[in-house]
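Peer 1: Quick one: structure below, then a few questions.
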Amino acid sequence: MPNLPPPANATLAQILTWAEFELAALHLQSPRLDAEVLLVHSLGLNRAGLYARLHTVLSPSQIAVFQQLLHRRLQHEPVQYITGVQEFWSLEFTLTPAVLIPRPETELVVETVLRLLSQIPNPKSQIRVLDVGTGSGCIAIALATELPTAEIWATDISAEALAVAEANAQRHQVHHRIRFLQGSVFAPLANRSQGFDVIVSNPPYIARDDLLTLQPEVRDWEPRHALDGGNDGLDFYRQLLNEAPEHLTPNGWLVLEIGHGQEVVLMPMIKGHREFADDFRVSDYEGRGRVIAARKR
Ligand code: GLN
């Protein structure tokens with residue numbers, strides 16, 4: 001609970017200062033930004049509207065609504081679950097705690113896929129892309145908006161997550177071009193595999209023992225099955241590397257987001273794999289390996 005009651009007859013500026021102080025007392029990373037985002041959300045404003053009204057006095061009921069949101073954030077609930085939205089690839093995604101919050105790093109995965117597909121000069125047939133473990137649908141939907149003629153498939157083990165992904169696909173008017181299938185990794189494709197030009201995934205990749213060391217926002221609020229990569233964090237990579245070739249066209253690419261330092265193990269795994277002929281890695285702006293790609297023979 002907040003330590004101090006909100007000031008009476010507070011203006012927006014005063015309530016922000018108060019909320020920032022409450023959040024900072026818990027050592028949250030961006031107390032001012034969180035306070036602003038929650039206040040904007042609770043008042044149905046945008047940021048510009050907030051700054052235009054900094055000296056307006058809030059009504060008791062407006063304060064009460066804001067206090068409820070602040071209370072949730074003080075329990076370490078991520079801002080994105082409280083507001084129900086997160087931007088990714090300049091698109092707004094609807095979120096629930098059934099799906100992982102899309103991360104900015106994952107845009108590098110989308111970029112890599114687009115770059116690889118742009119290198120196919122005159123595709124003989126319709127391009128097909130599969131997103132494994134689609135969660136909010138962020139990768140599949142970003143790709144669908146960029147590739148108006150591609151056929152996109154997306155799988156997820158969670159029916160609840162797929163409902164969120166489908167709602168997002170509708171919201172961005174690409175639902176007629178994405179086929180959503182429920183099941184683990186490639187299981188839903190049994191007997192209906194199509195030969196994909198690209199298979200992409202941001203799989204769960206946290207080693208099980210490390211789950212407890214994550215910040216509470218992730219550990220206590222994001223879906224465990226979207227994070228847990230087994231004992232060494234690599235279970236899904238092993239499965240993807242072993243099973244993807246069966247679902248890729250010749251020369252098709254497997255594109256994977258990876259966790260910090262995992263390329264050290266994964267690149268040799270790809271190089272030693274007889275079904276893959278070529279590979280590369282992409283670093284993020286901090287120079288850390290973030291995406292790996294392997295081309296089928
Ligand atoms: N594909 C989704 C994302 O990148 C979900 C990933 C996951 O749940 N591991 O956000």
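Peer 1: Restricting to the range 121-142, what's the tally of residues that are more than 11 Å from the ligand (Cβ to nearest atom) and either in contact with a Gly (Cβ under 6 Å, 6 or more places away or on another chain) or within 19 Å of Pro104 (Cβ to Cβ) (or both)?
Peer 2: So the count comes out to 0.
Peer 1: Those residues that are within 16 Å of the ligand (Cβ to nearest atom) and either modelled with pLDDT under 95 or assigned to a loop (DSSP other than H, G, I, E, B) (or both), I need them from the range 246-265; list them, please.
Peer 2: Within the range 246-265, Ile258, Gly259, His260, Gln262 qualify.
Peer 1: Any idea which of Gln80, Gln67, Gln62 is outside any strand (DSSP E or B), within 16 Å of the ligand (Cβ to nearest atom) and polar (S, T, N, Q)?
Peer 2: That would be Gln80, the only listed residue that is outside any strand (DSSP E or B), within 16 Å of the ligand (Cβ to nearest atom) and polar (S, T, N, Q).
Peer 1: Looking at (1) more than 30 Å from Gln67 (Cβ to Cβ); (2) of a type outside the set (D, E, K, R); (3) in contact (Cβ under 8 Å) with a residue 40 or more places away in the chain, which is the only condition Ile101 fails?
Peer 2: Single failed check for Ile101: (1).
Peer 1: Additional query: Condition test on Val164, is it within 13 Å of the ligand (Cβ to nearest atom), under 24 Å from Phe186 (Cα atoms), part of a helix (DSSP H, G or I) and in contact with a helix residue (DSSP H, G or I) (Cβ under 9 Å, 6 or more places away or on another chain)?
Peer 2: no
Peer 1: Scan the range 188-232 for residues that are within 10 Å of the ligand (Cβ to nearest atom), part of a helix (DSSP H, G or I) and farther than 30 Å from Asn251 by Cα and report the count.
Peer 2: Going through the range 188-232 one residue at a time, the tally reaches 1.
Peer 1: May I ask you to list the residues in the range 277-297 that are touching a residue at least 60 places away in the same chain (Cβ under 8 Å) and in a strand (DSSP E or B)?
Peer 2: Listed by number, the residues that qualify are Val282, Arg290, Val291, Ala293.
The values are calculated or read from the model by the stated rules, or taken from the named source; none is laboratory data. Since this is a predicted model, take the numbers as computed values, not measurements. Here Cβ is always computed from backbone atoms with ideal geometry, including for glycine, and neighbour counts include all displayed protein chains.
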